[in-house]
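See below for the structure under consideration.
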Amino acid sequence: MTPARPGAIVRKRVLVVDDEADFLATYERLLRRQGYDVIVATTRVAGIAAVAREHPHLVISDLRLPDGDGLDVVRAARGAIDPPSVIVVTGYPSDETRRAALAAGATAFLAKPFAAAGLLAAVGSSLAAGPDPAGGTDSRPLDPGGRSA
């Protein structure tokens, strides 16, 4: 990775790991409109590899992936030399999955489906706050309207 020139604007890189094509397309569209560089992966293995290869500023990972647990992506991201913030999303929210995601190092937890505004708010606050080594800045899932549940 080449360092940025002094004074150059550095676009934030967001890695999205999700096996659902509709969600990936939505993430890409929303995030690119906000000026982020978006990298996508559709499996746990590809997500873990992309964390190491792409050095994203933020990772958004689904919990259920076709080849395993999305928490492995969270752990890989949090174990990186310069760890990114991580947002975990799931269509199967529960207190147990929320606690597991935050314990693995997620900085936010969103329940699918969610409003675009809710996703963008979580992205903005996660990037602004940076990774939280204590394991999470928001322990509440968001409802589809983007409000805390």
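The values are calculated or read from the model by the stated rules, or taken from the named source; none is laboratory data. Since this is a predicted model, take the numbers as computed values, not measurements. Here Cβ is always computed from backbone atoms with ideal geometry, including for glycine, and neighbour counts include all displayed protein chains.
Numerical summary
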| quantity | calculated |
| --- | --- |
| Count of the stretch 78-104 residues which are more than 11 Å from the chain's Cα centre (by Cα) and assigned to a loop (DSSP other than H, G, I, E, B) | 9 |
| Pairs where the first residue, in the stretch 10-39, is assigned to a loop (DSSP other than H, G, I, E, B) and the second is of a type in the set (D, E, K, R), C-beta under 6 Å, 6+ apart | Arg11/Asp37; Asp18/Asp62; Tyr36/Lys12 |
| Selection within the stretch 96-116 - over 22 Å from Gly130 (Cβ atoms) and among the β-branched types (Val, Ile, Thr) | Thr97 |
| Verdict on Thr42 being β-branched (Val, Ile, Thr), surrounded by fewer than 19 Cβ atoms within 10 Å (Cβ to Cβ) and modelled with pLDDT of 95 or more | yes |
| Which listed residue, of Arg29, Arg78, is of a type outside the set (A, V, I, L, M, F, W, C) and surrounded by fewer than 16 Cβ atoms within 10 Å (Cβ to Cβ) | Arg29 |
| Flag if Val59 is more than 18 Å from Tyr92 (Cα to Cα), modelled with pLDDT of 95 or more, buried (at least 18 other Cβ atoms within 10 Å of the Cβ) and β-branched (Val, Ile, Thr) | yes |
| Complete set of residues in the stretch 89-109 that are touching a Leu at 6+ places or on another chain (Cβ under 8 Å) and either surrounded by fewer than 24 Cβ atoms within 10 Å (Cβ to Cβ) or of a type in the set (Lys, Arg) (or both) | Thr90, Tyr92, Thr97, Ala100, Ala104 |
| Candidates Leu120, Leu127, filtered to the one that is within 14 Å of the chain's Cα centre (by Cα) and at pLDDT 95 or above | Leu120 |
